[in-house]
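Worksheet: one structure, shown below.
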């Protein structure tokens, strides 16, 4: 809620002016500076208050925060509410005096206890943040409620947020929605955005994307960047509105131009994919870069990809590593995996298997299947770690269970060789079948061998021939050489009818299965 500081510094001018005119019976505006000063020096609290305002705002005098604080203090000591609030602000934000939250609390409280909503609100902020006092959400809620009950929109918004987050009160989304709506009905852009989000989540209200669109739009049209971004998301996904990439790009841009990092990233994505805008990798890189320097991990990762592949920028592995690392350090599992690959290949960094293992492990522990496979491979081959077949089997298994074909093949080898596990040809064949069905040539070859020799499977020349044919079509040169050799041997045990049928079946399989994407 730090954004409130600027708001309050601006609001003080308007508020103090209103308070002065509301409390005073004399029109101090008509008095000369010397007359006003004389009254103030003689203890006239209204004059002191007004003089403090003049020095704060620079109205008719040179702007002077210290002189402003001097006169506000004299008026505050006589109980003037507006002066107490102004003095609290001075200590809160450190203008005219050294910043001192304890002093700010003292003066805010004096005004707040007299029912001053702005002081109640600022006092709430201090308790919520724990500035000058122990952080106390219950006390914050107490003062937010007092200000909110007076119709103060920002207090209603913050009270809603306390209910939404369960801070200082039991979590209650219905109550949050109630306060958000009160503030929204007064035109609070932030509250309208929060109310829109409540309708998206369906917490405290029935989920309603159309209603979310309505509130996001009201907020977005006031220029609130978060709402503009969220509205862009609804247009992109066709939630509550007809899907419209151009409209999505429009709202993302409005938000992005205000520096909203997520919107900058999303706009970059629109340019990458050519959705709602003409595809433009350079423009995508521009927006990714703006979001990335703000620490937005997804943008850092995408910027790394751009430098890694040379899309929209000159290929630069060192720059790719830089951005991958920044995203990886924030826990982005794909960035961690890619960074591991950079260390593994020595691209943009010194070749370092240990460092590769480190990043593969970070990614693998978050469930990234490719990282789990690569980590298993490292343990299997003793690269960057002590060779450990049990550990290899563990990571291969985790990746294999997610459908990673390389891990299925590798774990099959582990079982076939009895390394780190009990030798089990049936389990090996089962895993190779999974990989073979995904088009992995060397798994197809091993499956052919299993059928050929009857290892883990019932011996079958027909099935052996079938998988050898596929291995010839999908494998690398070495696999092709081995598979074609075995194919030519096993075919001698088949008749012409069998051969024709199996060849037709193999062709049908290839027509219906894409090649593996290794």
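Computed from the coordinates by the stated procedures, all read-outs in this text should not be read as laboratory data. Given the structure is predicted, the values throughout are model-derived calculations rather than measurements. Reconstructed Cβ throughout: ideal geometry from the backbone, glycine too, with neighbour counts over all protein chains shown.
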query: Once fully extended, how much extra length lies between residue 365 and residue 138, figured as 0.36 nm per residue of separation less the alpha-carbon to alpha-carbon distance?
result: 77.9 nm
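Classify the range 89-241: rounded, prolate or oblate, from the alpha-carbon gyration tensor (a ≥ b ≥ c, eigenvalue square roots; a/c under 1.5 rounded; otherwise prolate if a/b is larger than b/c)? Walk me through the numbers on the way to the answer.
Details: a/c = 2.54, a/b = 1.99, b/c = 1.28.
It is prolate, given that a/c is not under 1.5 and a/b is the larger ratio.
Neighbour counts of other C-beta atoms within 10 Å: give me 287, 467 arranged from fewest to most.
Values: 287 26, 467 30.
Listed from fewest to most nearby Cβ atoms, that is 287, 467.
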- prompt: What angle, in degrees between 0 and 90 and rounded to the nearest 10, separates the Cα long axis of helix 101-112 from the longest principal axis of the Cα atoms of the chain?
  reply: 60
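Based solely on its DSSP helices, what 222 nm [θ] is calculated for the chain when runs of n ≥ 4 H residues each add -39,500 (n - 2.57) and the sum is averaged over all residues, nearest 500 deg cm²/dmol? Before the final figure, lay out each step's value.
On the way: 28 runs with 365 residues, N = 518.
So the helix-based figure for the chain works out to -22500 deg cm²/dmol.
Based on the Cβ-Cβ distance of residue 455 and residue 352, what FRET efficiency does E = 1/(1 + (r/R0)^6) give at R0 = 60 Å, to the nearest 0.05?
Values: r = 39 Å, r/R0 = 0.65.
Using R0 = 60 Å, I get an efficiency of 0.95.
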- prompt: Put a dot 7 Å past each Cα toward the Cβ at residue 243 and residue 29; how far apart are the dots in nm?
  reply: 5.8
query: Could you state the number of Å between the C-alpha centres of the range 433-487 and the range 93-113?
result: 80
FRET efficiency, 1/(1 + (r/R0)^6) with R0 56 Å, evaluated for residue 387 and residue 99 via beta carbons: 0.40
message: Rounded, prolate or oblate for the range 214-289? Axes are the square roots of the Cα gyration tensor eigenvalues, ordered a ≥ b ≥ c, and the cut-off for rounded is a/c under 1.5.
response: oblate
- line: Kirkwood radius from Cα pairs of the chain plugged into Stokes-Einstein at 37 °C, 0.692 mPa s, gives D in µm²/s equal to 114
task: Express the relative contact order of the chain as a whole percentage, based on alpha carbon pairs under 8 Å and six or more residues apart in sequence.
output: 4
task: State whether the range 403-518 is rounded, prolate or oblate according to the following rule on the C-alpha gyration tensor (a ≥ b ≥ c being the square roots of its eigenvalues): a/c under 1.5 gives rounded; otherwise a/b larger than b/c gives prolate, and the remaining case gives oblate.
output: oblate
task: Mind pulling the angle between the C-alpha long axis of helix 153-165 and the longest principal axis of the chain? Nearest 10 degrees, somewhere in 0 to 90.
output: 40
task: Mind giving me the FRET efficiency for residue 62 and residue 186? R0 is 51 Å, r the Cβ-Cβ distance, nearest 0.05 is fine.
output: 0.90
query: Which angle between 0 and 90 degrees, to the nearest 10, do you get for helix 209-220 versus the longest principal axis of the chain when only C-alpha atoms count?
result: 50
statement: In nm, the gap between the two label points placed 7 Å beyond Cα toward Cβ at residue 498 and residue 258 is 7.4
